[in-house]
Amino acid sequence: RIGQQWFQVHLLQGLAVQRVLEVGPNLGLVSALLANAGFTVTTMDMMPSLDPRPDIPHIQGELTAIDGFCLSGHDAIICCETLEHLPWDQVQPVLAKFHAAAPDYLIISVPYMGFQIDWRLYLNTVTARSKFSVKKLNFLRRFRPDVDPWGHKWEVGYRGHSLAALAAKIQAAGWQIERRDFTTPARSVFYLLRRG
């Protein structure tokens, strides 16, 4: 997943951003990448911070319950691989809460299981490797939520959870889609959003 984590920082390249709120930092790899790249970082999660550095402030709270004012004061919010842990009907209100916090940009990513083919070939004079993966027909099936209460509640690409349905939630929350990208081998869809 290192490519996904690096990509979060890459999407900030060239933007007028200094202060970043990272939602769902886990062990702090993206926080470290952001801090090392010169950004001022704050993290937010329902759990206490797992990051050993005391210079990165942490907001502890449940994303659906926290007041949007607590999330304000940042140029950008990054919320990657987090929204799919919330019920689908809570995604738009959370995106609206991010919008009310008034950052200029929001970066989100969620798992993407729509139709896709991934083929890679590596060759040199000593070795050859290839990898092939196909995801298909998930749009015909409903996503089965994980039995783990912290697990995924939905993923884009399944019936009722299309790219268009996610884009509608994004736009209804007041965001403009500036860029959409897909990552592999960890299959996710990324959005760079501008506050509308």
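The values are calculated or read from the model by the stated rules, or taken from the named source; none is laboratory data. In this text the structure is predicted, and so the values were computed from the model without any measurement. Backbone-built Cβ (ideal geometry, glycine too); neighbour counts: all protein chains shown.
Quick look at the values:
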| item | result |
| --- | --- |
| Residues of region 145-155 satisfying the condition of being surrounded by 10 or more Cβ atoms within 10 Å (Cβ to Cβ) and either farther than 13 Å from THR82 by Cα or of a type in the set (Asp, Glu) (or both) | PRO145, ASP146, GLU155 |
| Selection count where residues are modelled with pLDDT under 90 and basic (Lys, Arg), scope region 1-32 | 1 |
| Given (1) within 25 Å of VAL17 (Cβ to Cβ); (2) hydrophobic (A, V, I, L, M, F, W, C); (3) under 15 Å from the mean Cα position of the chain (by Cα); (4) modelled with pLDDT of 95 or more, number of the condition ALA186 does not satisfy | (4) |
| Close pairs from region 132-143: first more than 7 Å from TYR158 (Cβ to Cβ), partner of a type outside the set (D, E, K, R), Cβ under 6 Å, at least 6 apart | PHE132/TRP119; VAL134/ILE117; LYS135/MET113; LYS135/GLN116; LYS136/PHE115 |
| Qualifying positions in region 65-120 - in a loop (DSSP other than H, G, I, E, B) and acidic (Asp, Glu) | ASP67, ASP75, GLU81, ASP104 |
| Hey, GLN4 assigned to a helix (DSSP H, G or I) and in contact with a Cys (Cβ under 8 Å, 6 or more places away or on another chain) or not | yes |
| Output for region 82-128, where each listed residue is among the hydroxyl-bearing types (Ser, Thr, Tyr) and free of Cβ contacts under 8 Å to residues at least 24 places away in the same chain | TYR122, THR125, THR127 |
| Residue in region 115-129 that is surrounded by 14 or more Cβ atoms within 10 Å (Cβ to Cβ) and of a type in the set (Val, Ile, Thr) present | no |
| Within region 51-102, tally of residues that are closer than 26 Å to VAL147 by Cβ, of a type in the set (A, V, I, L, M, F, W, C) and surrounded by fewer than 13 Cβ atoms within 10 Å (Cβ to Cβ) | 1 |
| Condition check for ASP55: acidic (Asp, Glu) and either under 19 Å from ALA96 (Cα atoms) or in contact (Cβ under 8 Å) with a residue 40 or more places away in the chain (or both) | no |
| Selection count where residues are basic (Lys, Arg) and in a loop (DSSP other than H, G, I, E, B), scope region 137-196 | 6 |
| Residues of region 179-191 classified as touching a residue at least 60 places away in the same chain (Cβ under 8 Å), surrounded by fewer than 19 Cβ atoms within 10 Å (Cβ to Cβ) and touching a Phe, Trp or Tyr at 6+ places or on another chain (Cβ under 9 Å), total | 4 |
